[in-house]
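The block underneath contains the structure these notes are about, expressed in structure tokens.
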Amino acid sequence: MARINIADKRKVALVAGGAGFIGSHLCSELLTAGSRVICVDSYLTGSRANLGDLLEDPLFSAVEHDVCDELSFEERIDCVYNLACPASPPSYQADPIHTLMTSVTGTANLLRLAERDGAVFLQASTSEIYGDPEEHPQGEDYWGHVNCTGPRACYDEGKRAAETLCFDTLRAGNVDARVARIFNTYGPHMQPSDGRIISNFIVQALRNEPLTIYGSGLQTRSFCYVSDLVDGLLRLSQRQTNPLGPVNLGNPQEFTVVKLAEMVLSMVRTKSYVVHEALPEDDPQRRRPNIARARELLGWEPKVALEEGLSQTIEWFQGELASARLRRRPGSARPQAQVAALRQDY
Ligand code: NAD
Ligand code: UDP
């Protein structure tokens with residue numbers, strides 16, 4: 001692994017999950033801001049392709065490592081960003097025990113590293129900790145409605161336990177741990193075959209395949225463009241004082257799945273139409289963040305409207321298709337087949 005000059009006083013950021021969709025954008029922004037960046041990733045759902053030009057930057061290092069195994073670095077680290085965890089339902093359900101251990105053991109390993117160096121620790125938590133919410137919109141004080149034995153529990157409960165680890169470590173005075181509860185985020189670098197709604201719909205439309213709506217399509221989500229989300233993560237990690245509680249980061253504009261399908265169909269020249277498939281078990285029916293806390297503490301709110309973000313994401317997927325990396329179907333979110341396809345694509 002590359003080492004920096006001891007006289008170099010620039011900040012050192014470690015991004016676990018840095019080769020993933022959000023992580024790769026975060027690495028890029030940190031480098032632009034002048035930090036040295038160490039990406040730690042097992043490439044389970046991320047890829048070196050996401051890192052692209054970053055791999056040529058002398059201030060960037062990519063380390064292949066599973067965070068479930070202990071980490072040791074000689075370099076002193078100023079901030080640990082923990083984004084390591086598969087995020088799409090098909091990929092986190094493909095090996096649920098590993099997903100759970102990634103959030104629990106992986107977070108504990110990374111917290112130890114932050115403790116050693118007195119680093120700020122930023123945990124990428126999720127709106128999934130609210131489960132299928134009975135409160136709407138979801139504020140940080142809501143404790144959630146999660147089925148702890150269902151197929152989403154490996155992710156939801158893993159992320160909840162990771163938050164517990166963060167706040168217990170913070171209360172013990174050992175680490176300046178901060179928690180971002182991220183709501184559905186989209187943009188370039190999403191794996192075309194990972195099964196999430198925006199990547200599925202765009203890739204299906206570009207291939208003239210039917211758009212797969214699960215259930216009635218009346219369930220809702222609120223979609224945040226990746227540049228807005230990364231801005232929120234940086235504001236939270238760089239805030240002078242610890243906010244002492246989780247902070248929702250998401251776009252409060254709420255859309256039904258049907259509406260999203262209509263938007264994609266109107267923005268892509270396609271012969272696609274809509275088909276309905278079974279609703280996955282425990283699929284949350286409504287989701288929308290209350291972002292009053294992020295507005296107040298971070299001065300943050302999303303700037304990119306869905307139509308604009310979709311247009312940029314469509315353009316990016318068009319480029320991916322043109323470069324012939326998309327030879328496989330995105331699948332319709334059936335775990336094993338999708339993860340197998342995903343591993344072969346990249
Ligand atoms: P992603 O799957 O693209 O990225 C996750 C990255 O973590 C991948 O590069 C993967 O290879 C890596 N990884 C997974 N398990 C690992 C392990 N055990 N050790 C090392 N690396 C590992 O997903 P994403 O959408 O970029 O999500 C990033 C983070 O943000 C995740 O923690 C996710 O839970 C959280 N999040 C994302 C969203 C969203 O809508 N994208 C919403 C809520 C929370
Ligand atoms: N969904 C859908 N068709 C797809 C993929 C997802 O209708 O091809 C639905 C899914 O059932 C859920 C919503 O879109 O209600 C968001 O799903 P996604 O997997 O993107 O994220 P999450 O459920 O984790 O919010």
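The values are calculated or read from the model by the stated rules, or taken from the named source; none is laboratory data. From a predicted model like this one, the values you see are computed outputs, not experimental measurements. Positions of Cβ are generated from backbone atoms using ideal geometry, with glycine treated the same way; all protein chains shown enter the neighbour counts. With ligands, DNA and RNA removed, areas are computed over all heavy atoms of the protein, side chains included. Shrake-Rupley method; radii C 1.70, N 1.55, O 1.52, S 1.80 Å.
Computed values, structure above
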{"read-out": "The range 144-197-the range 43-67 distance, computed between alpha-carbon centres (Å)", "value": "22"}
{"read-out": "Relative contact order, percent, the range 123-249 [alpha-carbon distance under 8 Å, six or more residues apart]", "value": "30"}
{"read-out": "Accessible-area order (highest first, 1.4 angstrom probe) of the listed residues W316, W300, W143", "value": "W143, W316, W300"}
{"read-out": "Probe 1.4 Å, protein heavy atoms only - accessible area per residue of the range 244-291 in square angstrom", "value": "53"}
{"read-out": "The chain: angle of helix 257-267 to the longest principal axis, Cα-based, in degrees nearest 10", "value": "80"}
{"read-out": "Under 9 Å, Cβ to Cβ, from F183 - net charge with Lys/Arg +1 and Asp/Glu -1", "value": "+4"}
{"read-out": "Most to least accessible of T102, T270 (protein chains only, probe 1.4 Å)", "value": "T270, T102"}
{"read-out": "Amide H contacts under 5 Å for Y142, placed H, 5+ residues apart", "value": "none"}
{"read-out": "Solvent-accessible area of S266 with every protein chain in place, 1.4 Å probe, in Å² to the nearest 10", "value": "90"}
{"read-out": "Cα-centred dipole magnitude for the chain, charges only on beta-carbon of K, R (+1) and D, E (-1), debye, nearest 20", "value": "500"}
{"read-out": "Folded to 0 to 90 degrees: helix 306-322 orientation relative to the chain principal axis, Cα", "value": "90"}
{"read-out": "Amide H contacts under 5 Å for G18, placed H, 5+ residues apart", "value": "V40"}
{"read-out": "Accessible surface of the range 146-210, 1.4 Å probe, proportion on carbon and sulfur as whole %", "value": "48"}
{"read-out": "At R0 = 41 Å, FRET efficiency that the Cβ-Cβ distance of D53 and A292 yields, to 0.05", "value": "0.60"}
{"read-out": "Heavy-atom surface of the range 101-174, accessible at 1.4 Å and reported per residue (Å²)", "value": "40"}
{"read-out": "For the range 195-268: rounded, prolate or oblate by the Cα gyration tensor [a/c cutoff 1.5]", "value": "prolate"}
{"read-out": "Accessible area (Å², 1.4 Å probe, nearest 10) - Y225", "value": "20"}
{"read-out": "E64/T164 FRET efficiency (R0 30 Å; Cβ-Cβ; nearest 0.05)", "value": "0.55"}
{"read-out": "Accessible area (Å², 1.4 Å probe, nearest 10) - H189", "value": "40"}
{"read-out": "Sites Q253 and E74 - FRET efficiency at Förster radius 35 Å, r taken between beta-carbons, to 0.05", "value": "0.20"}
{"read-out": "For the range 113-222, alpha-carbon Rg over 2.2 N^0.38 Å", "value": "1.32"}
{"read-out": "Sequence of R160, R207 from largest to smallest accessible area, 1.4 Å probe", "value": "R160, R207"}
{"read-out": "Debye, to nearest 20: dipole size of the range 146-271, +1 on Lys, Arg Cβ, -1 on Asp, Glu Cβ", "value": "160"}
{"read-out": "The range 83-140, accessible surface, carbon-and-sulfur percent (1.4 angstrom probe)", "value": "57"}
{"read-out": "For the range 111-137 and the range 219-278, distance of Cα centres in Å", "value": "18"}
{"read-out": "Relative contact order for the chain, counting Cα pairs under 8 Å that sit 6 or more residues apart, in percent", "value": "18"}
{"read-out": "Helical mean residue ellipticity (222 nm; -39500 (n - 2.57) per DSSP H run of 4+; nearest 500) of the chain", "value": "-11000 deg cm²/dmol"}
{"read-out": "Compactness relative to 2.2 N^0.38 Å, alpha carbon Rg of the chain", "value": "0.94"}
{"read-out": "Crossing angle, helix 226-238 versus the chain [Cα axis fit, 0-90 degrees, rounded to tens]", "value": "20"}
